[in-house]
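Remarks on the structure that follows.
The values are calculated or read from the model by the stated rules, or taken from the named source; none is laboratory data. Being a predicted model, the structure only gives us computed values, none of them experimental. In this analysis, Cβ positions are derived from the backbone assuming ideal geometry, glycine residues included, and neighbour counts consider all displayed protein chains.
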Amino acid sequence: MNFCGSRFLRAPALAVLLVLSFSEAGAVARFVPGDFATIQAAIDASSAGDVVTVAPGTYTENIILKSEVDVRGREAARTFIAPEEQGSPVVTANVVDDVTFGNFTIIDAAIAIDVVNSTAIQVANTIVDMAAQIGLRVDVDSEVDVVNCIFYENAIAIQRATVDAQVTNTGFIGNTVAITSPVGAFVDPGDSVDNCGFLDNDDLKDSGVDTGLGTDSVVGDPRFVDTAAGDFHIREGSPFIDTGIGNDSIDNTTADIGAFGGQFADVFPFPLPAPDVSDASGATPPPYSATLEWLPNLAYLVTNSANSGSYRVYYRQNQSGPPYDGTDAGNGTQPSPVEAGDATSITLTELQPSAPAPAAPQLLSTEPLNEAVRLSWSPVDDASGYRVHWGVSSVDENSADAGAVTTYTVAGLANGTTYIFSVSALRQPVYHFSLTALDSTQNRNESDYSPESTLAVGPPTEGAQSNQLTASPAVTVPYPDLPDKGCFVATAAFGADWAAEVLVLQDFRDRFLLTTSPGRALVDLYYRYGPVAAKLIADRDALRWLVRVLLSPLVAIVLILTSVSAGVVTMLGTLLALLVLSLGSRRRGAAGNSSGRRAT
């Protein structure tokens, strides 16, 4: 089951009202996913008279109904059931009695609802969307009422083998077959079909012209708001308005045809899309302002030329989601929510943006460069950016905003001068906005919140500064002009300048030592004394063996230098230089002693 939960705060009270509409007093209300993770688990735990109420979301499961246990979605337009087992019916009533199933949208089905040997089954205010085989299948021994449903673009909308499958106030749109019977159990398609709406059903076209079925049928475009988005509410001017049987509970007028008419329809308008939000503060704020624009909810109970619904704007600072408890618009005169009337835009003025100070980052390292220093620091939760501070005597001498990064290079520094550095985190005030739509009925039923939009506005709040580190910029030469000489000692020890160990050390020299001023000095020193040391060990097997033993660990270390700091590299180079100097000194000392003995 893949559930995408609603954030609607008024859900518990309204869900109870919905439960009471379909149950006797004393029945137990079981909520999905509040009490149970799946619809089937809630059904299995229920007893006769209980009601299972399902919050908006998408539920992937195949449901087996139980006698005298009603199953209701809270919003037909946003409570989806899809099959877990593709070949099986999504909803099955098999030898059950007295069940109301309603206020769902069934998607991705082969067979959406299958009723077998069951009586007093009511399918109400449900949308069956694009079933590959059959939307509703009713066998000869069953008794079903289909009330205020929509069958949209199914292969066969309803297949029934009995006239005890009564169809009322239901819309059939774009189906290959609207209503039919299985072979051997023929029931006239128009029997027990009353006040239903039809459009573009292949089996009901007469010379290309749409026709209907049953008594008092309505043929015409229902003017759904947005079927692609799953919004099957009807717009102003729809022929489905006030043409059903009975009354609509939402406004006590004649019932509409379709899933949002009749006594059992849910009352919530479809949520709006996220608003477009822009900074309307002007060139020299404060004051600060924000303009919101949004698309209207086109359902006729919201957008109506005679009696329109309205919109509300909810907002808060620096935190997502309800409760939207902003209080600062209009210098406190427009606390959230702000009534927008039937307009589709509003400007909130005199906002007072502020944000809590973020924590201090940890300054991790400073890397000297030529007339620059590169800094690295730890990230801070909720930081929108960082500010770098530096100076010679104090870090407060200079500052620069680095943006939302954790490394930054301070340029324009003087080589050889020691600088002090620190970093602080910034937090930008951010407003979070959401909308709701309210219908035009006496109850002013309100939709769920729209998706949020955000707007960063106002100056950022700076947190405390980090720890301080020092660094001195230094000249670096990425491509030195030293002559390309060999690794004298390594060549003598390993026997050839193409030996693998020699090549590794040459790469170490080129990549690390020759790219810094200290490294170049070490290489220059090595070039002066390396030939002396090489000559000393070339003809002495014991010394060659000893040097190989000493160099082999260095070769191994060099192979992993890509993950080692520059300081360690310099240390290793220094050790190598000291080894060379020691061997050179021994060679010069031995030559001096020999000369002294001859003089004696």
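Out of all the residues in the stretch 143-192, which are of a type in the set (Phe, Trp, Tyr) and farther than 25 Å from Phe224 by Cβ? Hit for the stretch 143-192 is Phe186, nothing else. Answer with yes or no whether Arg137 is more than 15 Å from Tyr59 (Cα to Cα), basic (Lys, Arg) and in contact (Cβ under 8 Å) with a residue 12 or more places away in the chain. Against the criterion (more than 15 Å from Tyr59 (Cα to Cα), basic (Lys, Arg) and in contact (Cβ under 8 Å) with a residue 12 or more places away in the chain), Arg137 qualifies. Select, from Ser217, Ser249, the only residue that is assigned by TED's automatic domain parsing to the domain that holds Ile107 and either over 18 Å from Thr436 (Cα atoms) or touching a Cys at 6+ places or on another chain (Cβ under 8 Å) (or both). The match here is Ser217.
Looking at Asp221, Asp242, Asp203, Asp188 in this structure, which one is farther than 27 Å from Ser336 by Cβ and in a helix (DSSP H, G or I)? Write out each step before concluding.
Working: Asp221 fails: in a helix (DSSP H, G or I); Asp242 fails: in a helix (DSSP H, G or I); Asp188 fails: in a helix (DSSP H, G or I).
None of the others qualify; the one that does is Asp203.
Glu367 - would you say it is surrounded by fewer than 17 Cβ atoms within 10 Å (Cβ to Cβ), touching a residue at least 40 places away in the same chain (Cβ under 8 Å), charged (D, E, K, R) and over 27 Å from Thr284 (Cα atoms)? Considered against the rule, which asks whether it is surrounded by fewer than 17 Cβ atoms within 10 Å (Cβ to Cβ), touching a residue at least 40 places away in the same chain (Cβ under 8 Å), charged (D, E, K, R) and over 27 Å from Thr284 (Cα atoms), Glu367 comes out as yes.
Listed by position, the strands (runs of 3 or more DSSP E) contained in the stretch 392-476 that have at least 2 residues being under 27 Å from Ala280 (Cα atoms) and under 35 Å from the mean Cα position of the chain (by Cα) are 398-403, 419-427, 430-438, 453-456, 461-465.
Mind checking which residues of the stretch 167-185 are in a loop (DSSP other than H, G, I, E, B) and out of contact with any Cys (no Cβ under 9 Å at 6 or more places or on another chain)? It would help to see each step written out before you state the result.
Step one: list which residues in the stretch 167-185 are in a loop (DSSP other than H, G, I, E, B), which gives 169-170, 174-176, 181-185.
Answer for the stretch 167-185, where residues must be in a loop (DSSP other than H, G, I, E, B) and out of contact with any Cys (no Cβ under 9 Å at 6 or more places or on another chain): Gly174, Asn175, Thr176, Ser181, Pro182, Val183, Gly184, Ala185.
All conditions in (1) of a type outside the set (Lys, Arg); (2) part of a loop (DSSP other than H, G, I, E, B); (3) modelled with pLDDT of 95 or more; (4) on the phi < 0 side of the Ramachandran plot hold for Gly49, with the sole exception of (4).
Close contacts from the stretch 278-305, counting a first residue that is assigned by TED's automatic domain parsing to the domain that holds Ile346 and over 20 Å from Ser450 (Cβ atoms) and a second that is of a type in the set (Phe, Trp, Tyr) and buried (at least 17 other Cβ atoms within 10 Å of the Cβ), with Cβ to Cβ under 7 Å and a gap of 6+ residues or different chains, come to Ser281/Tyr288. Answer with yes or no whether Thr344 is surrounded by 14 or more Cβ atoms within 10 Å (Cβ to Cβ) and β-branched (Val, Ile, Thr). When the stated conditions are applied, Thr344 passes them. Among the residues of the stretch 379-391, the ones that are under 15 Å from Gln362 (Cβ atoms) and not in a strand (DSSP E or B) come to 4 in all. So for the stretch 74-83 (the condition being closer than 22 Å to Gly246 by Cβ, aliphatic (A, V, I, L, M) and either touching a strand residue (DSSP E or B) at 6+ places or on another chain (Cβ under 9 Å) or not assigned by TED's automatic domain parsing to the domain that holds Thr162 (or both)), does at least one residue qualify? Scanning the stretch 74-83, I find at least one residue that is closer than 22 Å to Gly246 by Cβ, aliphatic (A, V, I, L, M) and either touching a strand residue (DSSP E or B) at 6+ places or on another chain (Cβ under 9 Å) or not assigned by TED's automatic domain parsing to the domain that holds Thr162 (or both), so the answer is yes.
So is Ser393 more than 30 Å from Asn252 (Cα to Cα) and either surrounded by 21 or more Cβ atoms within 10 Å (Cβ to Cβ) or touching a residue at least 60 places away in the same chain (Cβ under 8 Å) (or both) or not? Spell out how you get there, then give the answer.
Values: more than 30 Å from Asn252 (Cα to Cα): yes; either surrounded by 21 or more Cβ atoms within 10 Å (Cβ to Cβ) or touching a residue at least 60 places away in the same chain (Cβ under 8 Å) (or both): no.
No: the conditions fail for Ser393.
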